[in-house]
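*Asks:* Handing you this structure, nothing more for now.
Since every read-out is calculated from the coordinates, none of them should be taken as a lab result. Remember, predicted model here, so these are calculated numbers, not experimental data. Note that each Cβ is placed from the backbone with ideal geometry, even for glycine, and that neighbours are counted across all protein chains shown.
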Amino acid sequence: MNVAFENDFQKKVMVQTFSEPVTLASRADVLAWRSAWTAALKSWHSPYKAVIDCGPLMVADQPEVREALALMMRFFEGLFLKKAVGFNLDEAKGHGALPFTVFSDEAAALVEVGVREPPKPRQPQDFRAAIQIQNHFAQHVMELTFAHPILIATPEQLEVLKSKITNNLMQWHSKWNLLVDCANFEIAPEIGPDFEGMLKFFRGFFLKEVLGYSPRMAADLYPFKVYRARHNAAGRLEPEGLVGGDAVVCRSTKG
């Protein structure tokens, strides 16, 4: 099951989208969705609400499917799910069998979970979804990779990248380094100054160093140092003490 999860940690909202048609015709189909959703929860450490694009979703109105869906929702409610809603309602696709309210449009669904402002225009899903982030908290490294070749050539694309990194920073409580896999990553020369401006912004949020590896274009065209091999770049990034980057450290002063 190909489902993408976009987490807004500031608003405490998880948005789920299916990149291809999905049919829930059996208990096994529901369990596949439940498994993908459970894996996405590794990034969460607080209560959240789920907003689900049901447009590609076909639901069989069978007792087995209804029972599995109800059980799935009880399972996630036990794991801090406060509310789930859907959008792109289509009764002909069996959306009435889903155990949560499905609205006709995304704006109404967002209002239902407390996000009052209208949704921002989205970049094409393949661009945003191609930006992938891994947190190596023990090493104090955030690693940026790309699922397929992309070229950042406009301020709008750069804003999507900045937004995704900023959102991920909600999980960090220490200084951090950025490691960039450049095998599928290119930057247009005209966007270079804006990219450097983005890095300056993150240095205000405790970014220490930025290094890349496996350059797709000439290494000297990137606005940060790039090495041929990952281990050469990663080995030059210094961790920040013994405490993981996701650990909240409370400091108290004795009187």
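*Asks:* Suppose R0 equals 30 Å. What FRET efficiency, 1/(1 + (r/R0)^6) with r the Cβ-Cβ distance, do SER35 and ASN184 give to the nearest 0.05? Numbers along the way, then the final one.
*Replies:* On the way: r = 27 Å, r/R0 = 0.90.
The pair SER35/ASN184 has a calculated efficiency of 0.65.
*Asks:* With N residues in the range 125-234, what two-decimal value do you get for its Cα radius of gyration over 2.2 N^0.38 Å?
*Replies:* Values: Rg = 12.9 Å, N = 110, 2.2 N^0.38 = 13.1 Å.
Normalised by 2.2 N^0.38 Å, the Cα Rg of the range 125-234 equals 0.98.
*Asks:* Return the ratio Rg/(2.2 N^0.38 Å) for the chain, where Rg is computed over Cα atoms only.
*Replies:* After normalising by residue count via 2.2 N^0.38 Å, the value is 1.14.
*Asks:* In addition: Looking at the range 3-112, I'd like the Rg to Rh ratio, where Rg is from alpha-carbon atoms and Rh is Kirkwood's inverse mean 1/r. Write down the numbers at each step before the final one.
*Replies:* Values: Rg = 12.9 Å, Rh = 13.9 Å.
Result: Rg/Rh = 0.93.
*Asks:* I want the local charge near GLY204. Using Cβ-Cβ distances under 15 Å, sum +1 for each Lys or Arg and -1 for each Asp or Glu among the other residues.
*Replies:* Numbers: positive: LYS162, LYS175, LYS200, ARG203, LYS208; negative: GLU196, GLU209.
Once all neighbours under 15 Å are counted, the net charge is +3.
*Asks:* Once you have all Cα-Cα distances for the range 1-50, histogram them in 10 Å bins from zero and send the whole-percent values.
*Replies:* 23, 51, 23, 2
*Asks:* Assuming 0.36 nm per residue, please report the length gained on full extension of the stretch ALA147 to LEU221 beyond their Cα-Cα distance. Don't skip to the answer; put the middle values down first.
*Replies:* Details: separation 74, 0.36 × 74 = 26.64 nm, distance 2.11 nm.
Gain on stretching ALA147 to LEU221: 24.5 nm.
*Asks:* Could you please report the charge total around ARG66, scoring K, R as +1 and D, E as -1 over all other residues with beta-carbon less than 14 angstrom from its beta-carbon? Please list the in-between numbers first.
*Replies:* Details: positive: ARG27, ARG74; negative: ASP29, ASP61, GLU64, GLU67.
The answer is -2.
*Asks:* When DSSP assigns beta bridges and you keep just the ones with both residues in the chain, what percent turn out antiparallel, to the nearest 5?
*Replies:* Working: 12 of 43 bridges.
Bridges in the chain are about 30 percent antiparallel.
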